[in-house]
Structure formats: C-alpha cells, structure tokens
Amino acid sequence: MKKKLYRALTALLVVILAVCGAVILKNEQECRAGNRAYEVAARTAGLLEPPDTGPAPASPSAPQGQPEADPVPDPLERLAEVDLRALQAVNPDVFGWIEIPGTIISYPLLQGADNQTYLRRTWLGEANSMGSIFLESTNSRDMNDFHTIIYGHRMRGGDMFADLGKYQEADFWQEYPSVYLALEDGVRRYDVFAAYEAGVRSLVYRLDLEGREEELIQFGLDASVLDTGIVPAADEKLLTLSTCTGNGYSKRWVVQAVLRETAEK
C-alpha cells in the first residue's frame, strides 16, 4: 500500500513539475517574442542607435587614453525625431511614443476600441501576455483632457511598466523625474508629482471630473509615498500611469505627473 501511494505521489509530482516547466517555458518564449516586437518598434521609430563599432578616438581635450563622453541629448529634441508615420504604417492604432529617459520605459503608445484590445497584444497585434502600453479608450488622443490615463503591465522580467514600482523610492524619482510623450504635434514633458497604490474604483480612475479637478490633485498628494513639492494647478493637465501591484486585482500602482513643457514640431 505504501509503495503504491509513493508511486502515485511521485507520478503526481512529475506531472506538476512538467506543467510548471511548460508554463515557465511558455512565459519565456512570450517574453522573448514581446521584446523582439518592441525592438522592431524602436527600430521602426528610428530610436535604436547604430551598432557599437568600438571605442571612439580620444579628442585632444580629453585625458590621455580616455575618449570624451558624448553629451546627453535633450529628450525633447531626441524624441521629436520619432517616426510616428512609420509606426502607423504598421499599426494605425499607434499615436505616440512614451519614454522615461534612462529607464526601460520606451514604447509605442496605442489606443484601441476598448481597454481589452491591447491588454494582451503587442503593438504588432500579436497575442502576448506582455501586451502594449495603451491609452484609456475614452481619453482623447490629443492628450488635451484634464486627466489622461495610460496602462501597462508590470512584467516580472522588468519590462513594460515594471520600473514604475521604483517610484516608491525618492532617489529614483530624483533621478527620473519626468515622463515624455512624443505625439504628432510635438513632444510633451510631464513632471512626476505623486506615486501610490490605489483601488481600482478610486477617484484616480475617474475621468468625469469637471468641477472636481482640485479634489483629484489633493487625492494624489495625500496618497503619495513621495514628497515632490510639486502641486499641480486645477487648470493644468494630469497624466496617470497605471500598472498592477502584484498583490491581487483590487489595487493598482499609479504614478501621476503634470504637463510642464511642450516642444511643438
């Protein structure tokens, strides 16, 4: 009897390990496929740098044996060169590019007919758990609403909106204080003013806020784990980046920013 029980448990364990292994393999394959899709996006947009051909020659003003560091390009200028038309030729649902310079967050920005369209599809329309970075379906693509929401998954491998979780630390906010959006009419810079966990039915997920603008701003300031010193005005435009917390479906992690600069094309 004990031998039969042992064999049955061993067989069950083998099946469980096989299933777990298959799930892990599938997730890894999807992750690789998703990363390839977004590498295609960056290449199509003209954002990928050419391959490194070796160390640059040292300039006369640099210390002997050390090349001069290239100046860091202004994100407003660099993102102004994003080729949105080339991206839209592949998928007309692309209407912009979102980036937090220095982080992993640099992706095409899409809007589907509803919020399910790109939840589990890449910008190429391929089924993938990585999904896309996408605009709330009821927001305006011109980004001129008082409150705009953008969604993205928080992937365990660190992709998509995973870096948003790092805004729990003030040091991360200080190093990466701004979110940039490249749109057809120019590039916008939004400065982060709050980061916090919120219920999916809380005020931060409301868009019908006419007359309640200050209430939403104060809600974010009160809930924030950061003290940025930035207090948006009621007539400024707010951007909310939303991702999962990893702690169930009833709450989300949000990073809020306020529009502070626009470089028109």
Filter region 239-256 down to residues that are open to solvent by 40 Å² or more (accessible area, probe 1.4 Å) and assigned to a strand (DSSP E or B) and give me whichever is modelled with the highest pLDDT. Arg252
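Checking the condition over 20 Å from the mean Cα position of the chain (by Cα), part of a strand (DSSP E or B) and among the aliphatic types (A, V, I, L, M), which residue from Ala263, Ala182 passes?
Values: Ala182 fails: over 20 Å from the mean Cα position of the chain (by Cα).
Answer to the check: Ala263.
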Which number in (1) farther than 25 Å from Asn35 by Cβ; (2) surrounded by 15 or more Cβ atoms within 10 Å (Cβ to Cβ) marks the one condition that Glu184 misses? (2)
Return the total of residues in region 219-238 being open to solvent by less than 70 Å² (accessible area, probe 1.4 Å) and either farther than 24 Å from Ser137 by Cβ or assigned to a loop (DSSP other than H, G, I, E, B) (or both). 12
Taking the condition of being in contact with a helix residue (DSSP H, G or I) (Cβ under 9 Å, 6 or more places away or on another chain) and either of a type in the set (Gly, Ala, Ser) or open to solvent by 40 Å² or more (accessible area, probe 1.4 Å) (or both), how many residues in region 187-210 meet it? 8
If a residue must be more than 18 Å from Gln256 (Cα to Cα) and either charged (D, E, K, R) or open to solvent by less than 10 Å² (accessible area, probe 1.4 Å) (or both), how many such residues does region 129-140 contain? 3
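The values are calculated or read from the model by the stated rules, or taken from the named source; none is laboratory data. The shown structure was predicted, so the numbers you read here are calculated from the model rather than taken from an experiment. Quick reminder, even Gly has a Cβ in these numbers, built from the backbone with ideal geometry, and neighbours come from all protein chains shown. When the accessible area is computed, the model is the full protein with side chains, heavy atoms only, and any ligands, DNA or RNA have been set aside. Shrake-Rupley method; radii C 1.70, N 1.55, O 1.52, S 1.80 Å.
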